[in-house]
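Working notes, beginning with the structure itself.
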Amino acid sequence: FGSYAHNNIESWPADKPLHINVGLEEPTLKSTADIQIKVPEVQFSPKNQCPKKSIAANTSALQDFLYVADDIFVILGKIDETIQSDVFKFITNYNLSVYAESTSGLREKLTSALPSDIKAKYILRIGSVPSCRYWRDLENEENIEVFSVAQNALTGLARSSSIVSEVNWNELDYHFEKEKICEYASHDALEGLISNYPNAEISWFRHISESIPDNSLVFLGNSLPTREWEIAATRIDKNLKCYSNRGANGIDGNISTFLGAAYNNDDNESWGIFGDLTAMYDLFAPWTLQGVDSNIRIVVINNGGGRIFSRIDAVNSSSTQAKESIINNHQIGFKSWAAMWEIQYIKALAPNDLNSIPQGPVIIEVIPDQESSEAIWAQL
Ligand SMILES: Cc1ncc(C[n+]2csc(CCOP(=O)(O)OP(=O)(O)O)c2C)c(N)n1
């Protein structure tokens, strides 16, 4: 891995991707020692991205931003459980408009906007890099000032922005009086759309989230699942622990990542939700499920291709041939895949099909209605 190679993860300057080879002990033919197969977790924070300043200096840098920033909008990525209540208090004390991704643990506790509601001159991002499209588009919106508070110290933007790693939340002050936002009109509109188009892909995220028991682990895979969950998942607080791989953006290895997290979650259910191409990139992942009896649910939203691309104007205006090859249209189903690994299988064509999910690992293939899906996207 050439120029990315470093002897020690601590010396990685975090300005380029890092490829890590995990060297497990090599057994010799004769050795009888136990082989270490579990890799220890390493906590580290990249050094150069965010110069290490004192927490007081960080807090005053954020305070300076708050002094000039009117019309502030807060975006929450994944935040550490230890600061969730401080962040919650900060946002509610100052009536800040907020878009809280599910990985923040605060989406259901705050009145979180829909992604389409985010409009601001100043963005305060708290937590790891957000997965919403809005964040990616900020790359080209240099007139919007961005200040991030992120423990991992990664800006997640190639253009200029400010970042600190941690602040004292209860020492901050924000003076711009704004009317408290209690409800967003877009939430009501969404409810109407979900009841008009119950089999649309977005509506399935409401049905799936309603079927998930309290305290479950939820992994949001690529591509649209990570976006559609944020829009339509129930806002009833079920204390779900949500994860996603979105920062890296690869559609490979999603199911394996989910199963890795699920194996440490024996006491509660684990739900991973993936696009069909994403599932096809990781077809061998379920081999590790043999002999596992915990309630692991692999949901494949089979919309017959990479539908995220049909949301891109340039793709839609391309020739039919170009469009089909970018989207990779197919008619492949996942029943035989489940049979291959001897995993229980449910085909969900209507919301009721989620009513009786058996114990143990299950593959749930959801078939959304394409026309309804397009109708909802057109009206959102
Ligand atoms: C390893 C890898 N290959 C290709 C891509 C490009 N890519 C991004 S999204 C996507 C389509 C994903 O389709 P699917 O999993 O069916 O999800 P949907 O868009 O339908 O929600 C592709 C091929 C990628 N991100 N990573």
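Condition check for A200 on (1) within 16 Å of the ligand (Cβ to nearest atom); (2) open to solvent by 30 Å² or more (accessible area, probe 1.4 Å); (3) more than 19 Å from the chain's Cα centre (by Cα): one failure, at (2).
Exactly one residue among S256, S319 is farther than 21 Å from R133 by Cβ, out of contact with any strand residue (DSSP E or B) (no Cβ under 9 Å at 6 or more places or on another chain) and within 16 Å of the ligand (Cβ to nearest atom), and that residue is S256.
Can you tell me which residue in region 295-316 is nearest to the ligand (Cβ to nearest atom), limited to those that are touching a strand residue (DSSP E or B) at 6+ places or on another chain (Cβ under 8 Å) and charged (D, E, K, R)? Even if it seems obvious, please write down each step before you answer.
Within region 295-316, the subset touching a strand residue (DSSP E or B) at 6+ places or on another chain (Cβ under 8 Å) is 295-303, 306-308.
Narrowing the set further to residues that are charged (D, E, K, R) leaves 297, 307.
Working: R297: 17, R307: 4 Å.
Filtering first and then ranking leaves R307.
Return the only residue of G272, G291, G304, G260 being of a type in the set (G, A, S), touching a residue at least 12 places away in the same chain (Cβ under 8 Å) and surrounded by fewer than 21 Cβ atoms within 10 Å (Cβ to Cβ).
Working: G272 fails: surrounded by fewer than 21 Cβ atoms within 10 Å (Cβ to Cβ); G291 fails: touching a residue at least 12 places away in the same chain (Cβ under 8 Å); G260 fails: touching a residue at least 12 places away in the same chain (Cβ under 8 Å).
Answer to the check: G304.
In the set A261, A200, A232, only one residue is more than 14 Å from V299 (Cα to Cα), in contact with a Lys or Arg (Cβ under 6 Å, 6 or more places away or on another chain) and of a type outside the set (K, R); that residue is A232.
Going through (1) open to solvent by less than 30 Å² (accessible area, probe 1.4 Å); (2) within 13 Å of the ligand (Cβ to nearest atom) one by one, A338 falls short only on (2). In this structure, is W287 within 13 Å of the ligand (Cβ to nearest atom), within 25 Å of N245 (Cα to Cα) and not hydroxyl-bearing (S, T, Y)? Judged against the criteria, W287 is not a match. Considering only residues of region 322-335 that are assigned to a helix (DSSP H, G or I) and closer than 22 Å to E201 by Cα, which is farthest from the ligand (Cβ to nearest atom)? Per the criteria, the residue is K335.
Surrounded by 11 or more Cβ atoms within 10 Å (Cβ to Cβ), in contact with a Lys or Arg (Cβ under 9 Å, 6 or more places away or on another chain) and farther than 24 Å from S203 by Cβ: which single residue out of P351, P361 fits that description?
On the way: P351 fails: farther than 24 Å from S203 by Cβ.
Residue meeting the stated conditions: P361.
Residues that are open to solvent by less than 10 Å² (accessible area, probe 1.4 Å) and among the hydroxyl-bearing types (S, T, Y) were ranked within region 207-232; the one that is nearest to the ligand (Cβ to nearest atom) is T226.
The values are calculated or read from the model by the stated rules, or taken from the named source; none is laboratory data. Not measured: the values here are computed from a predicted model. All Cβ positions, even for glycine, are placed from backbone atoms using ideal geometry, and neighbour counts span all protein chains on display. Surface accessibility is based on the protein's heavy atoms, side chains included, excluding ligands, DNA and RNA. Shrake-Rupley method; radii C 1.70, N 1.55, O 1.52, S 1.80 Å.
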